[in-house]
Amino acid sequence: MPDQATKKQHYIPQSLLTHFSNEGSLFEVLLQNKNIFPTSIGNTMCERYTYEHEQLPTNTVENFFSRIESI
(Lines give C-alpha, C1' and ligand atoms only; values in the text may rest on other atoms or scores of the structure.)
Protein backbone atom coordinates (compact mmCIF):
# COMPACT_ATOMS: atom_id res chain seq x y z
CA MET A 1 0.00 0.00 0.00
CA PRO A 2 1.53 3.39 -0.94
CA ASP A 3 2.16 6.07 1.65
CA GLN A 4 -0.82 8.33 2.21
CA ALA A 5 -0.05 12.05 2.30
CA THR A 6 -1.17 14.09 5.27
CA LYS A 7 -3.93 16.18 3.75
CA LYS A 8 -4.20 19.13 6.15
CA GLN A 9 -0.80 20.52 7.12
CA HIS A 10 -0.27 23.47 9.46
CA TYR A 11 2.31 26.09 8.52
CA ILE A 12 2.17 27.43 12.09
CA PRO A 13 2.65 24.64 14.68
CA GLN A 14 -0.50 23.83 16.60
CA SER A 15 1.54 23.90 19.81
CA LEU A 16 2.28 27.58 19.14
CA LEU A 17 -1.33 28.37 18.24
CA THR A 18 -2.48 27.16 21.67
CA HIS A 19 -0.87 30.26 23.20
CA PHE A 20 -3.25 32.46 21.19
CA SER A 21 -6.40 30.49 21.91
CA ASN A 22 -9.09 30.52 24.55
CA GLU A 23 -9.61 26.88 25.52
CA GLY A 24 -8.85 25.71 21.99
CA SER A 25 -10.85 28.30 20.08
CA LEU A 26 -9.67 31.48 18.44
CA PHE A 27 -10.64 33.97 15.75
CA GLU A 28 -9.33 34.17 12.22
CA VAL A 29 -9.39 37.30 10.05
CA LEU A 30 -9.55 37.38 6.26
CA LEU A 31 -8.42 40.90 5.43
CA GLN A 32 -9.41 40.79 1.76
CA ASN A 33 -13.02 40.03 2.70
CA LYS A 34 -12.98 42.05 5.94
CA ASN A 35 -14.29 38.93 7.63
CA ILE A 36 -13.70 37.81 11.24
CA PHE A 37 -14.91 34.39 12.28
CA PRO A 38 -14.41 31.86 15.09
CA THR A 39 -12.35 28.76 14.36
CA SER A 40 -10.38 26.06 16.15
CA ILE A 41 -6.67 25.36 16.41
CA GLY A 42 -7.09 22.34 14.15
CA ASN A 43 -8.70 24.40 11.39
CA THR A 44 -6.53 27.51 11.30
CA MET A 45 -3.15 28.31 9.72
CA CYS A 46 -3.27 25.26 7.49
CA GLU A 47 -3.51 24.32 3.84
CA ARG A 48 -4.08 21.15 1.91
CA TYR A 49 -0.85 19.32 1.03
CA THR A 50 1.32 22.29 2.03
CA TYR A 51 4.58 20.38 2.28
CA GLU A 52 4.17 17.82 -0.48
CA HIS A 53 6.57 17.92 -3.40
CA GLU A 54 7.06 15.41 -6.19
CA GLN A 55 10.80 15.13 -5.50
CA LEU A 56 10.38 14.29 -1.79
CA PRO A 57 9.10 11.06 -0.28
CA THR A 58 5.53 11.37 0.99
CA ASN A 59 5.21 13.32 4.27
CA THR A 60 8.96 14.05 4.55
CA VAL A 61 8.55 17.61 5.82
CA GLU A 62 5.37 16.84 7.78
CA ASN A 63 7.12 14.03 9.66
CA PHE A 64 10.09 16.26 10.46
CA PHE A 65 7.90 19.04 11.87
CA SER A 66 5.72 16.62 13.82
CA ARG A 67 8.80 15.40 15.74
CA ILE A 68 9.73 18.90 16.92
CA GLU A 69 6.28 20.46 17.13
CA SER A 70 5.60 19.52 20.74
CA ILE A 71 8.99 20.69 22.05
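Couple of notes before you dig in:
- Nearest-20 debye value, the chain charge dipole, Cβ charges on Lys, Arg, Asp, Glu: 160 debye
- Just the protein heavy atoms count here, and of the accessible area of the chain at 1.4 Å, carbon and sulfur take up 55 percent.
- Local charge for Ser40 was computed over the other residues whose Cβ lies under 15 Å away, with Lys and Arg +1 and Asp and Glu -1, and equals -1.
- Karplus-based coupling profile of region 50-61, in residue order and whole Hz: 4, 9, 7, 8, 5, 9, 10, x, 3, 6, 4, 6, with θ = phi - 60° in 6.51 cos²θ - 1.76 cosθ + 1.60 and x standing for Gly or Pro.
- Of the Cα atoms belonging to the chain, the radius of gyration and Dmax stand at 14.2, 44 Å.
- Over the chain, dividing the summed -39,500 (n - 2.57) contributions of all DSSP H runs of at least 4 residues by the number of residues returns a 222 nm mean residue ellipticity of -4500 deg cm²/dmol.
- Trypsin sites (Lys or Arg not before Pro) within region 34-71: DSSP coil, no more than 15 neighbouring Cβ in 10 Å: Lys34
- Under a Gaussian network description of the chain, with springs only between Cα atoms under 10 Å, the residue in Gln32, Gln55, Gln14 that fluctuates furthest is Gln32.
- Cβ-based net charge around His10, under 10 Å, with every Lys or Arg adding one and every Asp or Glu removing one: -2
- Built amide H within the under 5 Å cut-off of Glu28, gap 5+: Phe37, Thr39
- Solvent-accessible heavy-atom area per residue, rounded to whole Å², over the chain at 1.4 Å: 83 Å²
- Net charge of neighbours whose Cβ lies under 14 Å from the Cβ of Glu28, counting Lys and Arg as +1 and Asp and Glu as -1: 0
The values are calculated or read from the model by the stated rules, or taken from the named source; none is laboratory data. On a predicted model such as this, the values are computed, not experimentally measured, just so you know. Cβ sites come from the backbone with ideal geometry, for glycine too, and all protein chains shown count toward neighbours. Side chains are part of the model used for accessible areas, which takes the heavy atoms of the whole protein and leaves out ligands, DNA and RNA. Shrake-Rupley method; radii C 1.70, N 1.55, O 1.52, S 1.80 Å.
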